[in-house]
Amino acid sequence: MDDLFYFIISKYNYWAAIILLFIGLYGMIVRNNLMKKIIGMVIFQTAILLFFVSIGVKRGATVPILKFSPDKQPLLDAAAYANPLPHVLILTAIVVGVAVLGVALALLQKIQRVHGTIEEDEILEDMRK
Amino acid sequence: MTWDASLLWQFDILVLVMMVICAVTALALQGLLSSAIVTGAYSFLICLMWTHMMAVDVAFTEAAVGAAISTVIFLGTAQYINRWIKKDPPREQGIKQLTLVIGVICAVMMLSATRDLPDWADPASPASTHLSPGYIEQGYHETATPNVVTAVLADYRGYDTMFEAVVVFAAALVVMVLLRRTSHKHRKVLHLRPKREGRDTVLRGAAQSIIPVMQIFALYVLFHGHYSPGGGFQGGVIFGASFILLALCYNLKFSMNRFREHLVLWCCACGVLLYAGIGAACLGLGWNFLGYAALADLLGVSGKMARSYGILAVEIGVGITVMAVMVSLYYDLASGGDLEEGL
Amino acid sequence: MMDHAPVLMIVLPVFASLALTLIGPLGHRAAYGLLILSIAGSLAAAMATLVQVVQAGRAVQYRMGDWMPPMGIELVIDHLSAGVLVMISGCALLTAIYSMHTARQDNPDRLNHYYALFALLVAGLMGMTATGDVFNLYVLLEISALSSYGLLARGKGKAYYATFRYLMMGTIGASFYLLGVGYLYIMTGSLNMADLSEILKQPELGESVNVRIGFTLIILGVWIKMALFPLHAWMPNAYSRAGTTTACLIAPLMTKVSVYVMLRIMFTVFSADYVFQQIAWSRLVIYVASAAAVLGMITALSQRDLRKMLTYIIVAEIGYLTGGAWLANTAGYTGAVYHILADGLMTLCLFMAVGAIIYRTGVSTSAAMEGIFQRMPVTAGVFLIAGASVVGIPPFCGFFSKWYLLQGAVQAGEWVFVASLVIAGLVAATLFFRLLEKAFFGRLDDAVLETGSKTSHTAARTIRWNEAPLTMLLPLVLTGAALLGLGIYTNEVVRYLIRWSVPAGM
């Protein structure tokens, strides 16, 4: 029983990331409305970011900003701080995500102007004309 | 098999369940405005999660970028599109079910494979033992920057960060090129955007008192990034948000009189130029690209302090670019490219 | 300066794009000159690095910010990437020269911003090829993707929806790649390619199911980006609706660089042993590739729009490349790498020739080919060369890549792939023969002449010399010559470049 409990609490973060990933992917592929696809894309991307940040967590560790002892010496114990590398990667990836989001929304506005709709089936119909 | 109670798994699970609910709701709602708001709530929840995972810099960025700016540009776009969606057409049902089945199979495979992943928060996992101790233990001696995330972001992986600034610059350029197209015929424009005629004293009063504080805070976040969470991105986004707030509380023209679109574009490029220029200067001084230690002689300080100053300088570059890009995205997306009237 | 060539070839276009944005509308000639200057600098740096690599016989490394590799980011340029880098910058330079008239035609406004995105795309592709860090590759992938969305959306009205679909698929591909990198990072704790490959040699990681998931996700992401057959649906519309310059830049380069990334991941980060022994689905890839080659060519045959036809030829070529890489022997690998270079040039040549024809006739269907030999003999001649190369006729480079691929397929006993190569070749021959028949014997009074509408029936019947402008002809002829040159110097290319990069264990 303890093992099962340990198993659950040592993995739930990855599970949440994978579930969110597929919810987002479902939205991107299946939904007909382009705005919904974009929202799916946002969820899909953040799920991956959640996965990455989960890698950086360490038990008993704090934020990766060095603490100083009273005589101004930094405390350099690696086990005391969370892994900074995933944080750096995800900072980059968040910014990339908002860049893609901006471009996607701009395209959406253009599609609305040219086709008069943002429903995928109506756009395809409009293009066939 | 001891479990550190300080990680509060009950809280985590609650937040994660709420995130899943928000994600499903955002995709299922019929109204686009409400989906945009729910997506914002989703972003806030993920911020909470990340703060709890000790990723404060990341949570800070997500709060500024994901929850604030993304929601604003979603709402800005919602003015120009049909706000209510149709039900998905029936002929798609087959494909829908097929995708669902494939998705569920993949998800189950990946979920069952998590058994082999190192345990969550395990200090002995490869990710925590291979590179990260190096950054934590040597980072301060080599860069004189207590915030390890800043040191890694702007120095060890400074090349990534330069291209990250290029990415946002490219996004601003693409959005501008797409929307501000002079020769385009506006065939089926939807004009749902409100006319701003009445003066809203409460909003304007609030903006007047908040915006200066916001801008000072943004500068603090930028310049104090060596010692506390924050840095160029976060500071830049908050500074950009202050102009967006100005545009929201007054109107777009009011904000544009203070920060003209030419200047915005100029700032977008100048920030990246500052970053890349510092890199090139190091190269000119005989070191490798972005080797800030090259600046030591120029500044008359030691190599590690030169790195610290180099980090500050490139963070300022990133801050300028990000600030201008956020403003530019808002100007273009909220006005539909004509820069007449915003949200 | 020689030492800094690896970084210069990436940042020069970045500086050019910043300058193009800052100096504002100085006039299109200044923008054009600046773009060409920066890409020529990039090409020179790439050539210098190539010479360095060939002379030294080992990879050139460049440490960003003077940090030691697994901590910092390094650029690694070996024999494989050096060749691809020269190909990218060369193709980009030719396209830049070619863009003189077409870019202005497609972009009546904001030409300098268009050129800024052009330069950013080149920087992104160069950076992807040169980097030795898997996460850095993701960032540069997104730069090239974002700038390509901007460039593609400058096409005509229907381009917006096509670009939107491309954006969705591109984001899925890039995100899969990122997630795969996450899986590798969680299992190994590293992001540097050389370091990763050292760590992945541990037997318990070779068995690990999560490493396999990571590998699968990365390869799947790259396949989406390179439009391998069942995942190619986004490509034809996106490319065929783009402006001429955009198509000439993106069509040859984007997919080839993705193939390069696939090879990098398969053989540098992982190893041939791992890919072909641990991955259960690796035997099936060859059938997917065969299907891509045959169906791509057959679909190309049924297209009326010239550029759409060329896009489906790319789908088929991607099938050749993937098949070659997954044949698991030296000949197949050689064929695949050689074909990256050859197909980059062939695609560029075809798109340029078709672009010139469309520029002069204003028609984009195959009717534009009518009587092209009389009106635009040089363009038609180069088109003939490129067609011959795609079909695989000896002195041109397309023949040699097919030769290596066939040799590899026979050695591996993959008769399905052999058959698909032969069938695709025959279909390609039919396709080009049909076009050339029109080009030679097309009735001129049916031909759509730009000036024909004004003049009388008899005037249209006379042969009208209406060749493309010199800025378009020059790069076109150079590309044609390069096709021939690459074919003639096949032995040297294989001996000095490709042999060196053949992974161990083949």
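The residues of the range C:52-73 that are farther than 14 Å from residue C:501 by Cα, within 14 Å of another protein chain (Cβ to nearest Cβ) and touching a helix residue (DSSP H, G or I) at 6+ places or on another chain (Cβ under 9 Å), listed by number, are C:61, C:62, C:64, C:65, C:66, C:67, C:69, C:70, C:71, C:72, C:73. Within the range B:289-303, the set of residues being part of a loop (DSSP other than H, G, I, E, B) and in contact (Cβ under 8 Å) with a residue 60 or more places away in the chain comprises B:289, B:290.
Counted as qualifying within the range B:1-78 are the helices (runs of 4 or more DSSP H) with 1 or more residues that are in contact (Cβ under 8 Å) with a residue 60 or more places away in the chain and out of contact with any Pro (no Cβ under 8 Å at 6 or more places or on another chain), namely B:56-62, B:70-78.
Scanning the range B:295-331 for residues that are at pLDDT 90 or above and acidic (Asp, Glu) gives a single hit, B:315.
Within the range A:91-129, which residues are within 7 Å of chain B (Cβ to nearest Cβ) and not in a helix (DSSP H, G or I)?
Matches in the range A:91-129: A:116, A:117, A:118, A:119.
Would you check if there is a residue in the range A:58-68 being under 18 Å from residue B:63 (Cβ atoms), in contact with a Pro (Cβ under 9 Å, 6 or more places away or on another chain), facing chain B (nearest Cβ under 7 Å) and β-branched (Val, Ile, Thr)? Yes: the range A:58-68 contains one or more residues that are under 18 Å from residue B:63 (Cβ atoms), in contact with a Pro (Cβ under 9 Å, 6 or more places away or on another chain), facing chain B (nearest Cβ under 7 Å) and β-branched (Val, Ile, Thr).
Tallying residues that are part of a helix (DSSP H, G or I), more than 8 Å from chain B (Cβ to nearest Cβ) and under 18 Å from residue B:152 (Cβ atoms) within the range C:123-136 yields 1. For the range A:69-90, the candidate set comprises residues that are out of contact with any helix residue (DSSP H, G or I) (no Cβ under 6 Å at 6 or more places or on another chain) and facing another protein chain (nearest Cβ under 7 Å); within that set, the residue that is surrounded by the most Cβ atoms within 10 Å (Cβ to Cβ) is A:82.
Tell me, please, whether a residue that is within 20 Å of residue C:116 (Cα to Cα), at pLDDT below 95 and buried (at least 24 other Cβ atoms within 10 Å of the Cβ) can be found in the range C:175-184. No. For the condition in contact with a helix residue (DSSP H, G or I) (Cβ under 9 Å, 6 or more places away or on another chain), touching a residue at least 40 places away in the same chain (Cβ under 8 Å), within 20 Å of residue C:469 (Cβ to Cβ) and surrounded by fewer than 24 Cβ atoms within 10 Å (Cβ to Cβ), what is the one hit in C:388, C:368, C:331? Of the residues listed, the single one that is in contact with a helix residue (DSSP H, G or I) (Cβ under 9 Å, 6 or more places away or on another chain), touching a residue at least 40 places away in the same chain (Cβ under 8 Å), within 20 Å of residue C:469 (Cβ to Cβ) and surrounded by fewer than 24 Cβ atoms within 10 Å (Cβ to Cβ) is C:368. Look at the range B:107-121: where a residue is more than 7 Å from chain A (Cβ to nearest Cβ) and a partner is surrounded by fewer than 18 Cβ atoms within 10 Å (Cβ to Cβ) and at pLDDT 85 or above, sitting 6+ places away or on another chain with Cβ atoms under 7 Å, you get B:113/C:209; B:116/C:209. Would a scan of the range B:304-323 turn up a residue that is over 28 Å from the mean Cα position of the chain (by Cα), part of a loop (DSSP other than H, G, I, E, B) and surrounded by fewer than 23 Cβ atoms within 10 Å (Cβ to Cβ)? Checked against the condition, which is being over 28 Å from the mean Cα position of the chain (by Cα), part of a loop (DSSP other than H, G, I, E, B) and surrounded by fewer than 23 Cβ atoms within 10 Å (Cβ to Cβ), the range B:304-323 yields no hits at all. Exactly one residue out of C:87, C:68 is part of a loop (DSSP other than H, G, I, E, B) and either buried (at least 24 other Cβ atoms within 10 Å of the Cβ) or free of Cβ contacts under 8 Å to residues at least 24 places away in the same chain (or both): that is C:68.
Just a yes or no: is a residue in the range C:94-102 over 30 Å from residue C:496 (Cβ atoms), more than 8 Å from every other protein chain (Cβ to nearest Cβ) and crowded, with 24+ Cβ neighbours inside 10 Å?
At the first step, the residues of the range C:94-102 found to be over 30 Å from residue C:496 (Cβ atoms) are C:99-102.
Subsequent filtering for residues that are more than 8 Å from every other protein chain (Cβ to nearest Cβ) retains C:99-102.
Imposing the further condition that a residue be crowded, with 24+ Cβ neighbours inside 10 Å reduces the set to C:99, C:102.
So far as the range C:94-102 goes, yes, one or more of its residues are over 30 Å from residue C:496 (Cβ atoms), more than 8 Å from every other protein chain (Cβ to nearest Cβ) and crowded, with 24+ Cβ neighbours inside 10 Å.
Of all the criteria given as (1) more than 11 Å from chain B (Cβ to nearest Cβ); (2) without any contact (Cβ under 8 Å) to a residue 40 or more places away in the chain; (3) not β-branched (Val, Ile, Thr), the one not satisfied by residue C:160 is (1).
Screening C:78, C:109 for residues that are within 9 Å of chain B (Cβ to nearest Cβ) and acidic (Asp, Glu) leaves exactly one candidate, C:109.
On the stretch given as the range A:1-36, residues that are more than 8 Å from chain B (Cβ to nearest Cβ) and in contact (Cβ under 8 Å) with a residue 40 or more places away in the chain total 1. Do we have any residue at all in the range B:204-226 that's at the interface with another protein chain (Cβ under 10 Å from one of its Cβ atoms) and over 30 Å from residue B:339 (Cα atoms)? Looking through the range B:204-226, at least one residue is at the interface with another protein chain (Cβ under 10 Å from one of its Cβ atoms) and over 30 Å from residue B:339 (Cα atoms).
The values are calculated or read from the model by the stated rules, or taken from the named source; none is laboratory data. The structure displayed is predicted, hence computed values, not measured ones. Using ideal geometry, Cβ is built from the backbone for each residue, glycine included, and neighbour counts are taken over all protein chains shown.
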